[in-house]
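Taking it in order: structure first as structure tokens, then the write-up.
The values are calculated or read from the model by the stated rules, or taken from the named source; none is laboratory data. The structure presented is a predicted model; accordingly, all values stated were derived computationally and were not measured. Note: ideal-geometry Cβ built from the backbone for every residue, glycine included; neighbour counts use all protein chains shown. Please note that ligands, DNA and RNA were not included when accessible areas were found on the heavy atoms of the full protein model with its side chains. Shrake-Rupley method; radii C 1.70, N 1.55, O 1.52, S 1.80 Å.
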Amino acid sequence: MAGTTVAEVMAELAALEDPKARAVNEKHGDDHGVNLGKLRAIAKRLKTQQDLARELWETGDSAARLLALLICRPKAFGQDELDAMLRDARTPKVHDWLVNYVVKKNPYAEELRRAWMSDPDPVVASAGWALTTERVAKKPDGLDLAGLLDVIEAQMKDAPERLQWAMNHCLAQIGIEHAEYRARALDIGERLEVLKDYPTSPGCTSPFAPAWIAEMVRRQHEATPA
């Protein structure tokens with residue numbers, strides 16, 4: 001599909017606009033009405049096109065940006081470019097896909113993680129915590145897990161929503177993956193009570209850290225041969 005123009009893609013996205021999908025998305029802070037399954041189908045057809053991805057991102061349109069994140073080359077972005085993109089991401093879904101689909105696969109992920117963790121913008125900081133949670137699970141060597149718990153204990157209760165969710169995920173991941181810190185992680189979660197009353201659908205795991213940790217540890221034990 002090389003040679004596809006931005007205008008052609010934007011027309012296709014406009015044709016997929018669904019008022020019901022937009023209404024659902026807007027409840028979550030997103031401002032587009034394109035079904036994500038159909039968006040992924042377009043990405044599969046277009047394959048990887050870095051130049052087109054950059055042009056789609058520059059439109060500022062959320063659906064176009066989500067598509068851009070699916071067809072880009074994650075390793076082709078520079079550190080400053082990704083920093084600027086994150087600060088301009090605006091909506092939760094674009095922010096999440098940028099961090100999870102692009103930044104995590106980029107060679108500057110660690111530099112960005114450290115920079116974003118201490119950023120005064122709580123949405124930017126939440127990206128730093130998301131990258132830290134990834135390291136807690138996959139590359140914990142060199143991380144100060146006790147120090148992370150200190151920060152979570154001191155700041156999570158009063159943190160803005162997106163930052164609070166990111167910190168809470170990190171707290172749960174530490175408790176799940178690192179048995180030596182599990183008791184402290186559980187204690188912090190119980191005392192702070194962040195997301196304790198969050199409505200959870202039947203069959204889903206609660207985001208309340210103590211419940212989350214207990215459930216995931218239980219599953220780990222069930223999966224381990226006796």
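Normalised radius of gyration (Cα atoms, divided by 2.2 N^0.38 Å) for the range 134-196: 1.02. Note on the chain: helix-only mean residue ellipticity at 222 nm, from DSSP H runs of 4+ residues weighted -39500 (n - 2.57) and normalised by residue number, equals -19500 deg cm²/dmol.
Principal-axis analysis of the Cα atoms of the chain puts helix 161-177 at an angle of about 60° to the longest axis. Probing with 1.4 Å while keeping every protein chain in the model, the per residue accessible area of the chain equals 52 Å². Placing +1 on each Lys and Arg Cβ and -1 on each Asp and Glu Cβ, with no other charges, gives the range 1-144 a dipole about its Cα centre of roughly 680 debye. Note on the chain: GNM, Cα springs under 10 Å; of G189, G175, G142, the largest mean-square fluctuation is that of G142. For the residue pairs K157/K196; K27/K93; K104/K196; K105/K138; K44/K75, the C-alpha atoms sit more than 22 angstrom apart in K104/K196. What separates the Cα centres of the range 183-226 and the range 112-129 is a distance of 25 Å. Extension gain, K38 to V24, is 3.5 nm, computed as 0.36 nm per intervening residue step minus the present C-alpha separation.
Protein heavy-atom surface of the chain, 1.4 angstrom probe: 52% of the accessible area is carbon and sulfur, with nucleic acids and ligands not counted. Once the gyration tensor of the Cα atoms in the chain is diagonalised, the equivalent ellipsoid follows with semi-axes of 34, 20, 17 Å, ordered largest first.
If only the Cβ of Lys and Arg carry +1 and only the Cβ of Asp and Glu carry -1, the dipole of the range 157-205 around its Cα centre is close to 20 debye. Helix 209-223 axis versus longest C-alpha principal axis of the chain: approximately 90°, rounded to the nearest ten.
Only alpha carbons enter this Debye calculation for the range 105-226, each as an equal point scatterer, and the log10 of I(q)/I(0) it gives at q = 0.15, 0.19, 0.23 Å⁻¹ is -0.67, -1.04, -1.39.
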